[in-house]
Amino acid sequence: MAGKKQFDMDTVLDAAMVQFWRAGYADTSLDDLSRATGLNRSSIYSSLGDKDSLYLRCLDRYAMRYGDRYDQALSHASEEPLRAIREFFDVTLQRIADPGLPDGCLVAQTAMAIPVLSPDIAARAIEALGFQQTRLRTALNAAKLADSDAHDFAAHIAAVNQSLAVMSRAGASQEQLHATIGISMSALSRALSARS
């Protein structure tokens, strides 16, 4: 239609996601989103919804993009569980090391801000964290780890993974991040060796 502004929805959502990721929900204004996306306020509202709706779309986009990568890393856990978990951590390390992306993790940031977020956004962050533990528990069960151990290690690995993002945002070096992962990998290796 003549006079109607055209834009690529994926590009706009990625720009909004990075803006929220960089500054957080509370510190991202509609003017910030307008600058990041190139859309004016009325186009944001008419095409993307209000700030909460847009944030939820960005959070879902982020969780799906990295969730798919985590799933791929864990896909061979039944044959090579340690390699699968190492590759799971590598997804996070690669994201952290990418100079084109903000430090940290959008899901972790959201979880830390839950007290000041809407119930819908808080629930979505909790759901994303739950999916992370579920995918890990499924992979560890496939590796024949006992249910209780798989549950405990899934919670532990998910927590370590989130802490890597927080540590990187606070300026931790790659060596510190790898050392943190190494401790978890050693514990998991011992547990896998003790399988009956």
| query | Which shape class, rounded, prolate or oblate, goes with region 148-196 when its Cα gyration tensor gives a ≥ b ≥ c as root eigenvalues, a/c under 1.5 marks rounded, and past that a/b bigger than b/c marks prolate? | reply | oblate
| message | Tell me the accessible surface of His178 in square angstrom (1.4 angstrom probe, heavy atoms of protein chains only), to the nearest ten. | response | 80
| task | Take the Cα atoms of region 104-195, build their convex hull, and give its volume per residue in Å³. | result | 88
| said: I'm spelling it out carefully: the read-out is Kirkwood radius over Cα pairs in Å, the candidates are (1) 18.0; (2) 16.7; (3) 17.4, and one was derived from this structure. Which label? | reply: (1)
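Remind me, relative contact order of region 65-196 in percent, using alpha carbon pairs under 8 angstrom and six or more residues apart? Before the final figure, lay out the partial values.
On the way: 113 pairs, mean separation 39.5, N = 132.
Dividing the mean separation by the residue count of region 65-196 yields 30 percent.
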| message | Need the C-alpha centroid separation for region 96-124 versus region 154-181, integer Å. | response | 15
| remark: Carbon plus sulfur, as percent of the 1.4 Å-probe accessible area of region 56-196, comes to 55
| query | Using the eigenvalues of the Cα gyration tensor, what equivalent ellipsoid semi-axes result for region 26-137 when each is taken as the square root of five times the eigenvalue, whole Å, largest first? | reply | 30, 16, 12
| query | Taking only C-alpha pairs under 8 Å that are 6+ residues apart, what is the relative contact order of region 1-139 in percent? | reply | 26
| Using the Karplus equation 6.51 cos²θ - 1.76 cosθ + 1.60 (θ = phi - 60°), what ³J(HN,Hα) coupling, rounded to whole Hz, does each residue of region 62-73 give in order, writing x for Gly and Pro? | 4, 4, 5, 4, 7, x, 4, 5, 5, 4, 4, 4
| said: Output wanted: per-residue J couplings in Hz (rounded whole) for region 166-174, from phi through Karplus 6.51 cos²θ - 1.76 cosθ + 1.60, θ = phi - 60°, x for Gly and Pro. | reply: 5, 4, 5, 5, 8, x, 5, 7, 4
| Tell me, what is the per residue accessible area of the chain in Å², probe radius 1.4 Å? | 51
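The values are calculated or read from the model by the stated rules, or taken from the named source; none is laboratory data. Quick caveat, the model's predicted, so the values are computed rather than measured. Keep in mind that these areas ignore ligands, DNA and RNA; they rest on the heavy atoms of the full protein, side chains included. Shrake-Rupley method; radii C 1.70, N 1.55, O 1.52, S 1.80 Å.
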